[in-house]
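Below you'll find the structure, written out as structure tokens, and then a few comments.
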Amino acid sequence: MAVDWSGAAAGYTCLDVCCGSGDLAMLLARRVGKSGRVYGLDFAPAQLAIAHQKAQQQFRLAPLEWVEGDALALPFENNRFHAATMAYGLRNLTDLPLGLQELRRVLKPGAKAAILDFHQPQSVWLKTFQQWYLDTVVVPTAQQCGLTDEYAYISPSVERFPGGVEQVQLAHSVGFAEATHHPLLGGLMGMLVLRK
């Protein structure tokens, strides 16, 4: 869905910000084909190493490049990318407006970005379910894998993450011409779709 809403197409040069282990970047690579190019950016070299290894197994002539960098200071020139994605990254940035501003800067005029993330649902039942799921499934599983610190932040980060209306306002405030927020899974997640 994020790839579709980003507008990525064959031959495009695309960016996946906060790419982690590379799954979304690899979906972009399939979309742009061998005539396109995809850059996966993350600040964590260990995640990029996993992404590189996975891509080597899945792509012979991969149109992929892994870049260690900061989403708040993207190491790319202005107006470079035809499309961009970000999954579960915006919520973790220390400066959301700056992150959106940097994303806008590197997009070509008229280009789109699709940003997927967890959200706080409006329904009391869904909020309860989300908290139960994080507390009894996600964090305990992470603890069993020795990743307690890496996952303990999820619940508080979701609580302080701006809702869809605020995200749209932030996007407009940094200069995006269009911004639309689509609640997904009853509001447990959401997709912010932007056009420069």
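Here, each number is a calculation from the coordinates, and none is a lab measurement. Note that the structure is a prediction, hence the values are computed from the model and not measured. Neighbour counts are summed over all protein chains in view; Cβ atoms, including those assigned to glycine, are modelled from backbone coordinates with ideal geometry.
Distance between the 7 Å Cα→Cβ label points at Asp135 and Thr94: 3.1 nm. Computed over Cα pairs, the Kirkwood radius of the chain leads via Stokes-Einstein (1.002 mPa s, 20 °C) to a diffusion coefficient of 125 µm² per second. Around the amide H of Ala111, modelled in the peptide plane, lie the amide H atoms of Lys196, all under 5 Å away and 5 or more residues distant in sequence or on another chain. Take the Cβ atoms of Ala10 and Gln144, set R0 to 30 Å, and the FRET efficiency comes out at 0.10. Taking the alpha carbon gyration tensor of the range 1-55, multiplying each eigenvalue by 5 and rooting it gives semi-axes of 19, 11, 9 Å, largest first. Roughly how many whole Å is it from the C-alpha centroid of the range 83-135 to that of the range 25-75? Their Cα centres are 19 Å away from one another. Taking label points 7 Å from Cα along the Cα-to-Cβ direction, Ala44 and Leu185 give a separation of 1.8 nm. Over the C-alpha atoms of the range 78-125, the Rg to Rh ratio, Rh being the Kirkwood estimate, stands at 1.09. One decimal place: the segment His172-Lys34 gains 46.3 nm when fully extended, by the rule 0.36 nm per residue minus the C-alpha distance. For the pair Lys108 and Leu72, a Förster radius of 22 Å applied to the C-beta separation gives a FRET efficiency near 0.60, rounded to the nearest 0.05.
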